[in-house]
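Data block below; observations after.
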There are 2 protein chains.
Amino acid sequence: MKEKIHVHVADDHKILIEGIIAVINTDKNIKIKGYSLTGQEVIDWFSKKRNTADVLILDISMPIIDGFQVLKYFKNNNIDQKVIILSSYDDLRIIQEVLSLGCKGYISKSEAGEHILNAIKSVSKGDQYFSTDIQSALLKSLSGEIVAKGKIPDKFLIDSLTERELHVLKLITKQYSSIQMAEAMFLSIYTIETYRKSLLKKLNVKNSVGLAMYAFKNKIV
Amino acid sequence: MKEKIHVHVADDHKILIEGIIAVINTDKNIKIKGYSLTGQEVIDWFSKKRNTADVLILDISMPIIDGFQVLKYFKNNNIDQKVIILSSYDDLRIIQEVLSLGCKGYISKSEAGEHILNAIKSVSKGDQYFSTDIQSALLKSLSGEIVAKGKIPDKFLIDSLTERELHVLKLITKQYSSIQMAEAMFLSIYTIETYRKSLLKKLNVKNSVGLAMYAFKNKIV
DNA sequence: ATGGAAATCACTGAAAACAGTGAGTTGAAA
DNA sequence: TTTCAACTCACTGTTTTCAGTGATTTCCAT
């Protein structure tokens with residue numbers, strides 16, 4: 001490991017930022033590249049070409065522009081930023097929401113500092129990281145599925161698809177256009193398009209190709 | 001290569017068999033396990049439990065029971081026999097027919113003996129082998145009329161893709177838009193679109209989803 | 001009974017993909 | 001030396017997809 005991992009931290013509580021910085025500084029492979037106190041600052045920072053970071057540690061609950069909106073900003077602007085969510089809540093729905101927005105890591109503020117370091121390293125490598133209690137919560141919801149550690153299984157996403165969405169997804173892999181699907185399913189094309197949008201959002205992909213790849217990887221076809 | 005490849009040869013012209021045996025004997029990694037002079041003999045031979053061969057070299061045109069029928073026999077009895085067709089005809093329809101019957105190699109009698117050796121080695125490894133003039137014939141047919149039924153094996157389609165097309169295809173599976181590809185490859189978007197069209201035509205699919213599925217099935221990704 | 005998820009439909013505007021045609025350059029093979 | 005395939009770019013339409021927003025109905029569960 002030659003190059004340091006560059007990290008940006010965003011939280012509206014400065015004292016917490018300072019704490020994180022202190023923790024991170026104990027690891028010489030990781031370097032703080034900057035911090036933000038509001039969601040707007042994060043967006044401003046990353047919207048400047050020369051401002052980058054390998055990993056962004058992002059608090060969900062910030063005033064005005066919160067973590068969700070920051071994630072949406074990245075998504076809408078096709079910025080492939082690796083993000084670790086720092087949250088006080090272990091709510092599964094929140095987790096799912098940020099997952100669908102493309103975030104790759106999630107740690108609870110109640111966790112020890114070393115988890116942050118592990119999370120940063122995992123995510124910077126392209127892996128996912130979820131703190132243990134999050135994982136156990138997820139595992140519980142999956143009722144006994146075997147999961148590789150640190151990784152949220154696709155099943156989680158698949159399960160979130162409704163019957164109709166699944167049907168549309170299958171037809172997409174068969175190269176149906178929306179019009180053709182509408183005819184085949186006796187629905188309005190508007191409805192089909194609604195499902196498409198829903199699929200794109202839930203599976204967190206850019207376009208139909210992404211949907212098809214997802215379906216293929218998970219043998220929905 | 002420790003174990004010899006066992007080969008069975010079937011042709012109604014004994015003189016040709018002898019020729020093939022002579023050629024094969026020049027390669028000490030390949031051994032003749034037997035030969036047949038009629039289709040019936042082939043079927044009889046392989047229907048006996050103890051009679052096997054890694055590769056069967058099979059002439060298409062034999063009296064009464066021809067090569068096609070032998071292939072059908074294998075297919076109907078779920079015998080996964082590796083077969084190289086030896087034919088005098090370079091007719092595409094014949095090639096397609098035997099391909100659909102599961103044969104893995106095809107060489108023309110007009111080819112030099114060394115091609116037989118290469119074919120045997122390729123097919124015994126599980127690869128396909130088609131002599132060069134067959135391949136070019138197949139490719140030519142792709143540029144003109146798309147052969148819908150009979151289906152040319154994917155292998156040929158892949159080979160027909162140029163470097164650039166392959167590159168574009170890979171980016172498509174990564175959910176790049178044409179604009180993004182143009183930027184990534186330092187090309188005009190018009191050029192990218194040209195490749196898209198070329199891919200759609202060559203791989204005979206309807207849209208990008210079809211391209212992605214194709215790429216996935218053939219492990220281009 | 002009330003709230004929520006699923007399913008359905010609608011409209012709009014923008015972005016992207018698809019289709020057809022044409023054309024110039026280059027490098028390698030025949 | 002000519003020919004051809006690969007590569008490149010351009011222009012013009014049409015179709016499809018994507019994004020955002022909002023609305024209704026049904027049915028299930030708290």
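Things worth noting here:
- Qualifying residue in region B:8-19 (condition: touching a residue at least 60 places away in the same chain (Cβ under 8 Å), touching a helix residue (DSSP H, G or I) at 6+ places or on another chain (Cβ under 9 Å) and within 23 Å of B:Phe74 (Cα to Cα)): yes
- Strands (runs of 3 or more DSSP E) contained in region B:1-75 and holding at least 2 residues of a type in the set (Lys, Arg) and surrounded by 15 or more Cβ atoms within 10 Å (Cβ to Cβ): B:30-36
- Within region B:172-219, being over 22 Å from A:Asn78 (Cβ atoms), crowded, with 16+ Cβ neighbours inside 10 Å and among the β-branched types (Val, Ile, Thr) holds for one residue alone: B:Val205.
- B:Glu165 farther than 21 Å from A:Ser177 by Cα, near DNA strand D (Cβ under 8 Å from one of its atoms) and more than 21 Å from the chain's Cα centre (by Cα): yes
- Listed conditions (1) touching a Lys or Arg at 6+ places or on another chain (Cβ under 7 Å); (2) more than 10 Å from every other protein chain (Cβ to nearest Cβ) are all met by B:Gln175, apart from (2).
Since every read-out is calculated from the coordinates, none of them should be taken as a lab result. All values derive from a computational prediction rather than experimental measurement. For neighbour counting, all protein chains shown are included, and Cβ atoms are generated from backbone atoms with ideal geometry for every residue, glycine included.
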